[in-house]
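Read the figures in this text as sums done on the coordinates, not as results from a lab. What you are looking at is a predicted structure, and each value in this text was computed from that prediction instead of being measured. When we count neighbours, we look across all protein chains shown, and the Cβ atoms used for this are built from the backbone with ideal geometry, even at glycine.
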Amino acid sequence: MLARYTLLALLFGTVLAKSGAIRGLDPQLASKYKADAAGNFTCLDGKQKIPFSQVNDDYCDCADGSDEPGTSACNGGTFYCANHGHIPARISSSKVNDGVCDLECCDGSDEYDSGVQCPDRCAEVGRLAQAEAKRRVLVEGAGGRRRAELVRQARGLRKTKRDELARKELKLADATAAFDKAEAVKIELEEKEAARVRERSDRQTELRDQRLPDLIAYRRVLAADLHRLRARRDSLLLLLRSVRVGHNPEFNDEAVAQMLADYAAFVDNHADLEPEALERADEGSKARAERELQMDESNGADDADFDRCRTAIDISANERDSISDDIAALSAMLQALRDGYNKNYHDLQVKAAVVGFADYEANDDSKPSDSDEIFRRFVEATAALDALVDSPPVMMAPAPPVAPPIPHSMAKGNEYVQSVPEPDTNSSDKELADARSAYWTAQTEKGTLTNEVSLLKSLLHDTDLGPDDVYLPLKGECVSLDTGEYTYEVCILDRATQISNKDQSRTNLGSFTGFSSIGDEKAVVHKYQNGAKCWNGPERSLTAHFVCAENISIASITEPEKCEYVAQMAGPFACEPAEGAAEEAAEEAAEEAAEDAVEEPVEPVEEDHRRIVHDEL
Amino acid sequence: MKLKRSTASLLYLAATVSLLAQVGLAVKQEDFKTSEQVAFYRRHRAFADGVAKESQLLGKSVSASQTASPYSVLQDSVYLDGHTLVASVQHGTDKVPLKLKVSFLDKGIVRIRGQEADPLKPRFDDTQKLVLRDGGANLKYASAGSLQLTSEAVNGETVHIVSFRDANNTASLRMTERPWTVEYVLNNKPSILLNSKGLFHFEHLREKPGADGEVDGADGAWEETFRSWTDTKPRGPESFGLDISFSGYEHVYGIPEHASSLSLKSTRGGGKDAYSQPYRLYNLDVFEHDLDSPMALYGSIPFMVAHNAESTVGVFWLNAAETWIDVTREKSSTLGNLFRLGTASKEPTVSTHWISESGVMDIFLLPGPSAADLYRQYAELVEQTPLPREFALGYHQCRWNYLDQADVLAVNDKLQEHAIPYDVIWLDIEHTDGKRYFTWDSGKFPDPVAMQKKLAYNGHQLVTVVDPHIKRDTEYRIWKEANDNGYFVKNKEGTDNFQGWCWPGDSNWVDYLNPDAASWISSQFHLDKYNGSTPNLFVWNDMNEPSVFNGPEISMDKDIKHYGGWEHRDLHNIFGMLYHKATADGLRTRESPDKRPFVLSRAYFAGSQRYGAVWTGDNAANWEHLRASIPMVLSNNVAGMHFVGADVGGFFGNPTPELMTRWYQLGIWYPFFRAHAHIDTKRREPWVFGEPYLSHIRNAIRERYRLLPYWYTLFREASLTGMPLVRPMWMEFPKETSMFSEDSSFMVGSAILVVPATDADANQPIDVRLPTQENWYDIHSHATYIAPLKRQFASDLATTLVFARGGSIIPTRERQRGSSELMRRDPITLYVYVSRTGTATGSLYLDDGETYSYQNGAFIERELSFENATLTSRPSPRTKLSPEQLEFLKAMSKVRVERVVIVGMRNPLTKAVVVENGQTRDIELAYAGSKLDSECTIRDPAVLVGNDWEITLS
């Protein structure tokens, strides 16, 4: 029996802390920890009664754990640390006497029986906490004020934008009317012009049929020329190449070095030529002729069509000029080599090239005797046709003027993108040209305004700009953080980008898709999604978590999962509105509403009403 | 980890791209050899087929001593030399004599060693030194006097019989001369038969035929190629094979590691579920490995166990080279006829055919007859699993990769915030400076010591990965020292370092066969060498098969050279273990006095259990892998590799919240409990999935922590007896023949039956079989079930099916703490699950969890028994008075038993009388809070765990 008393005494020792209060008990609950008349304690859930001596006896009796505020016996219980000098804490009873001096319990009262001495650090912790609290108050104060300021700005901004929208809509109505008018004029004139063109076209066809043989003849001449010139250029290329590959670098011949440098520069600009020349050299002349004929045809030659034939001639003529330029350049290199190389060096490859060049020059096959006549007839044929129409045929019209820039989000279904502009025919009919010009000007004006109106409507009606439009003034504002290998840029409600610090290459981490609702509803989280796709992974995305601060900044960016970035950020929109700001804002809003009411009596339904009107546009 | 080849090189980039093109996960079969692509297997196969054919021609059925085996014992060569029976065996035509030595060890173990009587050059024989207890130097042999050799003629042929006595039975070994066969006769039945099918074939060493000389006809004997790799085989053929039949047995188990069933499948002869390839033992890094396959994986343990209702026997094939094992099943009517020992009843037989590429033939036959006997015998050879660091039994939080110091601490904080206990957080390869192990990426981990101190503050540890490949970088101290000292594995010519690719790109590998190199690498783990390490840092050896990205089968060429001129082929399967050992040695000795190390390894061999834990490698987040983990973990335990687990959640891919929950609910029953994830997967820490999953996962992890005293006691048992921690049903219920292939439920120790839910549909009822005439109790509700019982149970996501076996006492610690370290001084709760006869037994082991002072008696080990309504705690016979013990008792002087819950008493009880140290006190019983009449709680008996006491109920 003695042992039992000792034990009880021992247990009793743990019930009460030094002060005499029940250990670990929240003072707010103190009234409930009194023995009733029968000497019992009622568990806080009311479901059990136990002898009061069993409170804090290091054995869990109550299902709710309420009998052991001062021990770790009950899982899910709570231990109260008074933390004098700091704020009191309620820690999980699992942390009582676990041998760890928990920072939350800075007075060390939770470790009274674990063999660990926890010093009372509340004074120090309290000081730090106060300093931190002070700092937070400052930050939050400044942030709150900034936020209120943003809300004020936003209100002004929304009004400005709204006004702007109204203005633009009026202008758009005017522009639409102007456009309709210009279009009507243009259509009328074009119909007239079309009739004229039809008449002219008949005459053209006739003339084309007559003169087509002249073009075909000339095209053949050109094809032969090209074939010959390519062969000559190939000869030169192969000669030069043979020197590059086979010369003896030991000799250090200046002329050779110059030639090599010139040739290297030439090859840099004409990378395909040498491999092609080698290929042709392998091919044999017959096969080569056939292939070149095919090439000629692939230039669009068609003996039955005057215009395509003429185009093929243009292309071939250009190529002829270009090959001639190459030949001149390459010949010059070989001439310089021939004139300048050091004959003492006995570089067999160089000497072979010089001899080869001499052969090349000797074998300069002159043009076919009748080519001049054929060219003359070609010129006559085209001149006759051009004389008939002082502008190129309709199908060769220059590109239409570029349509006004339209945001991609609006591109779909927009009539201005899809409409195929008609050619400006530089017609002798100046009236038509002017009508078309006027039409394009009107269309551009209307398109620009339509876009502007759409953007404004989208911003004002379809964009979640946060409570009180707090994001409106900051939308699109960018901040960045350099993390060593990369700089990250986040543009508010717009997009996130990773920029390599090595080569400045930019990787799209996503565009703003909305505010996340994960976890705490009060948390400010922005999601940027659908960025560049990862190899073997998802499309990149970034989730930005904001805390309150006066200015926007990025504290850190990590990639906890492949291609899914998480940014810890700060910004004023994450702040609570400054004291008084709310009332102030409400007042202002009321004032404005009153003003608006004066201007527009239908204010409450104004937005919706407008939307309907716009949609009808 | 992992095979994370994706970032390793262009070559592997291409490989992975082509992988992606396929649907789902699939191993690249073409990277790995089939048996047909292995010359020595082909040669033995051809030999075996020839023998079978010839036996048929002779009109003989394939059975003992009636086969056409060309090997016979040389006349008059047999004699008994002390504890060893010596015989010379020779092939009928090649006439190269082989010396066979059959040694008789303590406990009935028989060892058979064989090689050329006069080898042309030495065969690799260090495997025994590196694997056996004390290098095999102190094996206990049977006394010569207990052995008796008699020779007699049976059917005109000589049979030599050695009779000996093990603890229980008289046993004998019979050796026939023509052909040579050996039979281990147990209980008057030939049980383990060698060469009874005539497949014994020993390729003797030979000179290479000259360039213009005769051509050696053997297929692939002097060179073979696999894809773009050529194995030059300068030593020529030196493989050997032998059939080992288990007569009277239908089930064989073990030989991990394979993603296969617990009961091994047939690999020849077709039949239901049979494989078309043999089981292979060759440590390999297999990217996205298949399930239900005999393909080789990361570890190899050539230990096979056969079990029937009468006995459990084993074969340990001690060889570190590539080994293939064919399994066939048959009914044979002729067994036993030869010796006229029994009737000609049809005995089921499992025949196995073992083929190894090189080394000495070295086989141990273990007679059992009980599982407990068998594991004592096996542990006698390769040692037990030592007591691990206690924290290692807790929850391990791993991911490839926790990005940086802030990330590590954030995960630590989150776990604490969600009141989820854990012990260790892990860092994969990205923590290093460019995959230079022993270094830190200083940008991400500016102050690893401060980080570890923060973790340690709440009792948490850190593990870093330290792989065996060393980046070729002259500025890297580790590389430079190893290179300067010539510690690297050499190329084929032996002239320069072997070079291959792994994570860091061009790498070299330290040659752990070189004792100097091994001790050098050990010392690199010391606190003064491993910068940024503290005593709270432990190590993970990954990729130690070894994984070589550009090598044949993603490993080393077999013909490259190790210390002593040995080829890699000779020691491939122990390479990973040698690194594991070196790492563990380094950690053990970094503080004074020594402390228990913790090292996780991916590659392993028999003996690896001495050095730490292993895991099953790179699994995947799907239900099939969840199910496959059960037989994989069990097979490892069957083979003595106890401390094993599978990656919780599945390494590749993203688990659904349901799969994640179920995996935690199973994972807490793996001896090694670690969650891990591939770098390309989503975060999946326990809180990520939100409710209700978070609560389910938290509850599971807490259950692991509650039961830590039981787990630790199980480890203690394993460290003494070699008994597995998690056990197949047959092991605990050896006569329940219908459960011999059960591998979807299992026992944890002898007291707890786990029936995991492994179906995506939580409404799917689960079949539960409760064996034997015993009571079982739902471990959560304490509902009683009278066995034998077969029925379906519902198991929604909040429910797990775990049963306590009537007659067991399970110690727990019920207070929720943040880590195992913070529970050390917590009181114990004992659960007494009463048997049908009203009794129960159990034990409880406690020590300091980190030092070796338990070897000097610094532990509390109690034998708990419940009988006649009295619960008694007595010291184990190992408990000895010593200064260390007194010191430990003092440290535990406040640790009491705070609660005893008695489950299954039929008569209501009202009172308990406690007697402790001769003093008596009464205690009221509480039924409050329990839903069942059959359960009562002894409220705070307050007896100390270190004291003798008894509690009598009335």
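The spread of Cα positions in chain B, taken along each principal axis and listed from longest to shortest, comes to 90, 70, 57 Å. Projected over all directions and averaged, the alpha-carbon convex hull of the stretch A:146-256 occupies 22.8 nm².
Ranking A:Gly144, A:Val125, A:Val100 by Cα position along the charge dipole of the stretch A:83-148, where only Lys, Arg, Asp and Glu carry charges on their C-beta atoms, puts A:Gly144 farthest toward the positive end. Computed from backbone phi with θ = phi - 60° and the Karplus coefficients 6.51, -1.76 and 1.60, the 3J(HN,Hα) list for the stretch A:188-203 is 4, 5, 5, 4, 4, 4, 4, 4, 4, 4, 4, 4, 4, 4, 4, 5 Hz; x is used for glycine and proline. Placing +1 on each Lys and Arg Cβ and -1 on each Asp and Glu Cβ, with no other charges, gives the protein assembly as shown a dipole about its Cα centre of roughly 7340 debye. Extension gain for the segment A:Asn530 to A:Ala352, taken as residue separation times 0.36 nm less the Cα-Cα distance, is 57.8 nm to one decimal. Does anything in the stretch A:168-205 have its amide N under 16 Å from the 7 Å Cα→Cβ label point of A:Ala387, and if so which residues? Zone members listed by number: A:203-205.
Both numbers refer to the Cα atoms of the stretch A:431-528; Rg and Dmax are 20.2, 68 Å.
In nm, what is the difference between 0.36 nm times the number of residues separating B:Leu409 and B:Lys911 and their Cα-Cα distance? Going from the current span to full extension adds 175.7 nm. Each of A:Ser371 and A:Ala30 was given a label point 7 Å from its Cα along the Cα-to-Cβ line. The distance between the two points is 11.6 nm. Once the Cα-Cα distance is subtracted from the 0.36 nm per residue extended length, the B:Lys880 to B:Ser370 segment shows a gain of 180.7 nm.
Considering only A:Met259, A:Asn248, A:Ile216, the residue lying farthest towards the positive end of the dipole of the stretch A:209-268 is A:Ile216, judged by Cα position with unit charges set on Cβ. Helix-only arithmetic for chain B: the sum of -39500 (n - 2.57) across DSSP H runs with n ≥ 4, divided by the residue total, places the mean residue ellipticity at 222 nm at -5500 deg cm²/dmol.
Positive-end ranking of B:Val489, B:Phe226, B:Tyr611 along the dipole of chain B, with charges on Cβ about the Cα centre, is headed by B:Tyr611. Calculated FRET efficiency, B:Glu475 to A:Asp494, Cβ-Cβ distance, R0 = 35 Å: about 0.20 to the nearest 0.05.
The distance between label points at B:Ser143 and B:Thr721 comes to 2.8 nm (points 7 Å beyond Cα on the Cα→Cβ vector). For A:Leu509, the amide hydrogen comes within under 5 Å of the amide hydrogens of A:Ala496, A:Thr497, A:Gln498, A:Ala532, counting only partners 5 or more places away or on other chains and with H modelled in the peptide plane.
If you plug the beta carbon distance of A:Ala133 and B:Asp31 into 1/(1 + (r/R0)^6) with R0 = 51 Å, you get a FRET efficiency near 0.25. Taking the Cα of B:Ser276, stepping 7 Å toward and past its beta carbon, and measuring to each backbone N in the stretch B:293-308: which are under 18 Å? The answer is B:293-296, whose backbone nitrogens lie closer than 18 Å to the label point.
Ranked for footprinting exposure by Cβ neighbours inside 10 Å, fewest first, B:Tyr785, B:Tyr705, A:Tyr263 give B:Tyr785, A:Tyr263, B:Tyr705.
Distance between the modelled labels on B:Tyr457 and A:Ala224, one decimal in nanometres: 9.5 nm (7 Å Cα→Cβ projection). With only the Cα atoms considered, the stretch B:643-741 has a convex hull volume of 122 Å³ per residue.
Put simply, the amide H of A:Ser556, placed in the peptide plane, has neighbours under 5 Å in A:Gln568, leaving out anything fewer than 5 places away on its chain.
Only Lys, Arg, Asp and Glu carry charge here, each on its Cβ (+1 for the first two, -1 for the last two); on that basis the stretch B:222-272 has a dipole of about 180 debye about its Cα centre. For the stretch B:438-502, the alpha-carbon coordinates run over 53, 21, 21 Å along the three principal axes, in decreasing order.
Based on alpha-carbon centroids, what's the gap between the stretch A:546-570 and the stretch B:617-651 in Å, whole number please? If we compute the Cα centre of each part, the gap is 38 Å. All Cα-Cα separations within the protein assembly as shown were binned at 10 Å from zero, giving a P(r) of 1, 6, 11, 14, 14, 13, 11, 10, 8, 6, 4, 2, 1, 0, each value a whole percent of the pairs. Put a plus charge on the Cβ of each Lys and Arg, a minus charge on the Cβ of each Asp and Glu, and nothing anywhere else: the dipole of chain B about its Cα centre is then about 1660 debye.
By other beta-carbon atoms within 10 Å, ranking B:Ser88, B:Ser608 with the fewest at the front produces B:Ser88, B:Ser608. Across every pair of non-identical alpha carbons in the stretch B:439-588, the mean reciprocal distance, once inverted, gives a Kirkwood radius of 16.1 Å. So, R0 is 51 Å and r is the distance between the beta-carbons of B:Thr150 and B:Asp290; what FRET efficiency does that work out to, to 0.05? With R0 = 51 Å, the Cβ-Cβ based efficiency is 0.50. Averaging the Cα positions of each part gives two centres, and for the stretch B:829-845 and the stretch A:157-230 these lie 99 Å apart.
Once backbone amide H atoms are built at 1.01 Å from N, B:Ser191 has B:Tyr184, B:Val185, B:Leu186 as its partners under 5 Å, excluding neighbours fewer than 5 places away on the same chain. Phi-derived couplings, Karplus 6.51 cos²θ - 1.76 cosθ + 1.60 at θ = phi - 60°, listed residue by residue for the stretch A:262-270: 4, 5, 4, 5, 4, 5, 4, 7, 10 Hz, with x used for Gly and Pro. Across the stretch A:116-133, rounded Karplus estimates of 3J(HN,Hα) from the backbone phi angles (6.51 cos²θ - 1.76 cosθ + 1.60, θ = phi - 60°) give 9, 8, 9, x, 6, 10, 5, 4, 5, 4, x, 4, 4, 5, 5, 4, 5, 4 Hz, Gly and Pro being marked x.
Note: the stretch A:184-247, Cα convex hull, 108 Å³ per residue.
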